[in-house]
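Peer 1: Supplied in structure tokens, the structure appears directly below.
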Amino acid sequence: MRPGLIAAALFGAAVAAAAPAHQGMTPAEPEAGHDWPPGDPQAGRRLAGQCRTCHGLDGIARIPIAPNIGGEHAAYIAAQLDAFRSGAREHEMMSIVARGLTDQQIADLAAWYSGFRAEAELHADPADAPQPCASCHGADGIAVDEMAPNLAGETAVYIDTQLRAFRSGKRHSEVMGPIAEAMSDAEMRAAAEWYAATRLKVSRPD
Ligand code: HEC
Ligand code: HEC
């Protein structure tokens, strides 16, 4: 077998192992099961003044180590803020930002940033997309699964950092942990470069 085929086989096995866990996981996942109060997007817009230097008011990242959050699902945004607040996910900047947020503020911020429509421009043949990733994150990086984030237009350094964190267990995910554990550094870089090469556009439907 060529190395590429071995990698594809390993990838396939990891995804097959992850898929049933994922299907069974969503309702039981503590963050996903968190009961958030209804979010007010206008209150979220005001709070987003604290986020704009890094994520912009529109959720398009302004610094290479920060991700785009405009147009992510509210449930994903809220779950990640909750994880930073509780310490389940750690980052020197976000842990401080999230520490003081109330449930209402998290819901409001999630309502604001999820209110954008995310679209991606792909300048390559979708058939060349990393197939095991595309089933959840889309070939163009627009996620097809509610709890999976968009990867379109994230920087390669952000994607690579997250994959390594999933692999080492520093960032915990029942879905991404086993997938990242089966990946080599080169595969991580290739997946990161694919999604970083797509362009993300966000707009407000209203
Ligand atoms: C000083 C810069 C900075 C500020 C201010 C900031 N962030 Fe972040 N944010 C980051 C970085 C860097 C990451 C990536 C952390 C990591 O590598 O795990 C991140 C990650 C996130 C994520 C996870 C997204 C994903 O795709 O997993 C969310 C959600 C988020 N920030 C929301 C916010 C909100 C809402 C605010 C304002 C209340 C905010 N951030 C303020 C830098 C910042
Ligand atoms: C079965 C669905 C599924 C598959 C397949 C999958 N992912 Fe994920 N991915 C997820 C979920 C769910 C999350 C959110 C994890 C969490 O809650 O922290 C995620 C998160 C990520 C993140 C973090 C993004 C961010 O904004 O912080 C990266 C990077 C990522 N995946 C890359 C990949 C790559 C590369 C592949 C292919 C090798 C892949 N994923 C395959 C479901 C999937």
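The values are calculated or read from the model by the stated rules, or taken from the named source; none is laboratory data. As the structure is a prediction and not an experimental result, all values here were calculated from the model. Neighbour counts are summed over all protein chains in view; Cβ atoms, including those assigned to glycine, are modelled from backbone coordinates with ideal geometry.
Peer 1: Please count how many residues of segment 110-157 are outside any loop (DSSP other than H, G, I, E, B), near ligand 2 (Cβ under 7 Å from one of its atoms) and within 17 Å of residue 76 (Cα to Cα).
Peer 2: 2
Peer 1: Residue check: is residue 70 more than 10 Å from ligand 1 (Cβ to nearest atom) and not in a helix (DSSP H, G or I)?
Peer 2: Judged against the criteria, residue 70 is a match.
Peer 1: Same structure again: Among the listed residues 160, 82, which satisfies the condition of being in a helix (DSSP H, G or I) and in the same structural domain as residue 205 (by TED's automatic domain parsing)?
Peer 2: Going through 160, 82 in turn, just one is in a helix (DSSP H, G or I) and in the same structural domain as residue 205 (by TED's automatic domain parsing): 160.
Peer 1: Considering only residues that are of a type in the set (S, T, N, Q) and exposed (fewer than 15 other Cβ atoms within 10 Å of the Cβ), look in segment 166-206 and name the one that is nearest to residue 153 (Cα to Cα).
Peer 2: Per the criteria, the residue is 203.
For (1) farther than 13 Å from residue 116 by Cβ; (2) among the aliphatic types (A, V, I, L, M); (3) surrounded by fewer than 16 Cβ atoms within 10 Å (Cβ to Cβ), each residue gets a yes or a no:
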| site | (1), (2), (3) |
| --- | --- |
| 44 | no, no, no |
| 51 | yes, no, no |
| 55 | no, no, no |
| 63 | yes, yes, yes |
| 68 | no, no, no |
| 77 | no, yes, no |
| 85 | yes, no, no |
| 92 | yes, no, yes |
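Peer 1: Kindly evaluate residue 84 against the criterion of being among the aromatic types (Phe, Trp, Tyr), more than 11 Å from ligand 1 (Cβ to nearest atom) and under 25 Å from residue 40 (Cα atoms).
Peer 2: no
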